[in-house]
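Inspection log for the structure reproduced underneath, given as C-alpha cells.
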Amino acid sequence: MSLKQINFPIKLNFFKKLFLLTIGIVFLTIITSFIFNSFFLDKFYIYRKKQNILEIRNNIIKLIDDRDKLDNYIYFAEDNFGVKIDLNFMQNNRSHMNNNKKIYNSLKLNESIFKIGEVDGTSGVMFIRYYEKLNSGYMLSIRSSMAVIAKHIHDIFIFNLFTAFFSLFVSGILVSIFSKKINRNIMYLKNSAKKIAKLEYPDNIKLSSGDELEELAQSLNEMSKELSFAIKNLKLFVSNASHELKTPISVLCLYSQALARDNVPSERKKEYYKTMLEKSLEMRALTESLLTLSKINSPDYKLTTQQIDLENMIKTSLEQFDYIEFEKNINVITNFSNIKINGDYNLLKIAINNLVQNMLKYAPDESDVEIFLESNILIFKNIITTEVKKKTTDLFEPFQRGENALDKNTEGSGLGLSLVKKILELHRFNFDLKIENNYFIFKILIKNPD
C-alpha cells in the first residue's frame with residue numbers, strides 16, 4: 001500500500017489550532033531574536049560605541065581652549081563611559097603616543113580614523129580606538145575595551161533563553177484559558193445552530209463576549225425567531241390550504257360517486273354537474289392563487305415591467321365581474337381617466353381583479369361602490385354591513401376573511417388581499433387599507449412613469 005492511499009484523519013479543534021498558532025508565533029519571535037543577537041548585536045554595539053566616542057570627541061573640541069574644564073570633562077568621560085582619552089602634542093614622549101606615532105604621522109590635519117584590534121597584539125583584549133590629528137597641534141586618542149561585549153553577548157543569550165521558556169510557559173497558560181473560553185462560546189453557537197437545523201428553535205441565544213461571536217449569537221437568535229415564525233405560518237398556511245381544498249374535493253368525490261352509481265334523479269343531474277363545475281373552478285382559482293403567491297414570494301423573483309394603461313385594466317376587470325354587479329344590483333361609480341403606470345402587467349392585473357371582485361362580492365345588495373382618482377391616489381370604496389372585529393393588517397394574512405364574508409358564506413379563499421399586498425410591495429407602491437364609518441377603503445398611491 002502506497003503512502004498516497006493511507007488517510008490520516010487528523011482533526012484539530014479551534015482550541016488546539018489557536019494554541020499551536022500562538023505558541024508558534026512566540027517561538028518564531030524568540031528564534032528571530034536569537035538570530036539578530038547572534039549576527040547583529042556586536043555590530044550594533046560597535047556602532048553605538050563609535051557614536052559615543054564621536055560625541056566625546058566633539059565635547060573635547062568645544063573645551064580645548066579651557067584647560068580646567070577640559071580636564072574635568074576628560075575625567076568625567078573616562079569614569080562614566082569606560083574610555084581612555086589621550087590629548088597631547090606630538091613633541092611629548094608619552095609611551096602611548098610613541099606607540100601610535102606611525103598612525104598619527106599617516107593622518108593629515110583634521111583627519112580621523114577608527115581601528116579595532118588588540119593594543120599590543122599579545123593581551124587578547126580587543127579595543128576600539130579613535131585617532132585624530134587636530135589643527136591645534138594636539139593629537140587625540142580615545143579607546144574603549146570591547147571585552148564587555150563578549151560577556152554581554154553570553155549574558156544576553158542566557159537571559160534570552162530564560163525569557164523564551166518563561167514566555168512559552170506564560171503564553172501556553174494564557175492561550176489555554178482564552179482559547180477554551182472562545183471554544184466554549186463557539187460550541188454553544190454550534191449546538192444552537194444544530195437545534196435550529198433540527199427545527200427546535202432555541203428561545204434565547206445569547207453571548208456576552210463583546211466581539212463578533214456576540215454579534216453572531218444575536219444573528220442566530222434573530223434567525224431562530226424568524227424561522228420559528230415562518231414555519232408556524234407555513235404550517236398554518238398548509239393547514240388552511242388543505243382545509244380550503246378539502247371541501248370542494250369532498251363535494252366532487254361525493255357527487256361523482258353518486259353520478260357514477262346512477263343514484264341521482266335525471267331532473268337533478270344538471271344541478272350536480274353545475275355544482276361540480278363550480279367546485280372545480282373554485283379549486284382552480286385557489287391553486288392558481290397559491291402558485292402565484294408562492295412564485296412572487298421567491299427571493300429571486302423579478303418583475304417584468306412595461307407601461308400599463310391602468311384605466312383600461314380597471315374597466316376590463318369591471319366587465320369581467322359584471323355578473324356580480326347585475327346579480328346584486330350594485331351601482332358602480334367611477335371617476336378616473338388616463339392613468340399610466342410602469343409595472344408587471346400580469347401581476348397588476350391579478351391585484352386589480354382581486355380588488356374589484358372583493359369590492360363587488362362583499363358589498364351589500366343595491367349599494368354603491370366607487371373607484372376614483374384623487375390627488376394621484378386610486379381609491380376603491382364600498383360599504384360593508386357587518387362590523388369588522390379584526391385588525392386591518394390581519395386581513396392581509398393568507399386565508400383571513402372579514403366577518404361579513406363568513407356570515408353570508410360568500411365564496412372565496414381569503415388569499416386575495418395577501419396577493420394584492422405582495423404585488424404592490426414588489427412594485428414599491430404605497431397603499432393603505434382603512435375601515436371608516438362602515439366603509440371599506442383601499443388606497444394606492446399611483447406613480448407616474450418616468
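The values are calculated or read from the model by the stated rules, or taken from the named source; none is laboratory data. Worth saying up front: this structure is predicted, and the values here are computed from it rather than measured. All Cβ positions, glycine included, derive from the backbone under ideal geometry; neighbour counts span all protein chains shown. Remember, those area values only see protein heavy atoms, side chains included, never the ligands or the DNA or RNA. Shrake-Rupley method; radii C 1.70, N 1.55, O 1.52, S 1.80 Å.
log10 I(q)/I(0), Debye, Cα-only segment 212-336, no solvent, q = 0.10, 0.21 Å⁻¹?
One equal scatterer on each Cα of segment 212-336 leads to -0.66, -1.20.
Restricted to Cα positions, what overall size does segment 274-318 have along the principal axes? Three whole-Å values, descending.
40, 32, 9
Which pairs in the list LYS246/LYS349; LYS349/LYS381; LYS246/LYS270 are over 20 Å apart, alpha-carbon to alpha-carbon? Please list the in-between numbers first.
Values: LYS246/LYS349 28 Å; LYS349/LYS381 18 Å; LYS246/LYS270 23 Å.
From the list (LYS246/LYS349; LYS349/LYS381; LYS246/LYS270), the Cα-Cα distance tops 20 Å for LYS246/LYS349; LYS246/LYS270.
Are there trypsin sites (Lys or Arg not before Pro) in segment 157-231 that DSSP marks as loop and that have at most 11 other Cβ atoms within 10 Å, and which are they? Numbers along the way, then the final one.
On the way: sites: LYS180, LYS181, ARG184, LYS190, LYS194, LYS195, LYS198, LYS206, LYS225; in loops: LYS198, LYS206.
Hits after loop and neighbour filter: LYS198.
Give the cross-link partners of LYS447 among the aspartates and glutamates, using a straight C-alpha distance below 18 Å as the criterion and excluding same-chain residues fewer than 8 apart.
Hits, sequence-local ones excluded: ASP309, GLU311, ASP344, GLU374, GLU425, ASP432.
What pairs from LYS206/LYS302; LYS315/LYS434; LYS206/LYS421; LYS295/LYS361 go past 32 Å between their alpha carbons?
Numbers: LYS206/LYS302 37 Å; LYS315/LYS434 24 Å; LYS206/LYS421 35 Å; LYS295/LYS361 26 Å.
Beyond 32 Å between Cα atoms: LYS206/LYS302; LYS206/LYS421.
Mind grabbing the accessible area of TYR45 for me, 1.4 Å probe, Å², rounded to tens?
Rounded to the nearest 10, the figure is 50 Å².
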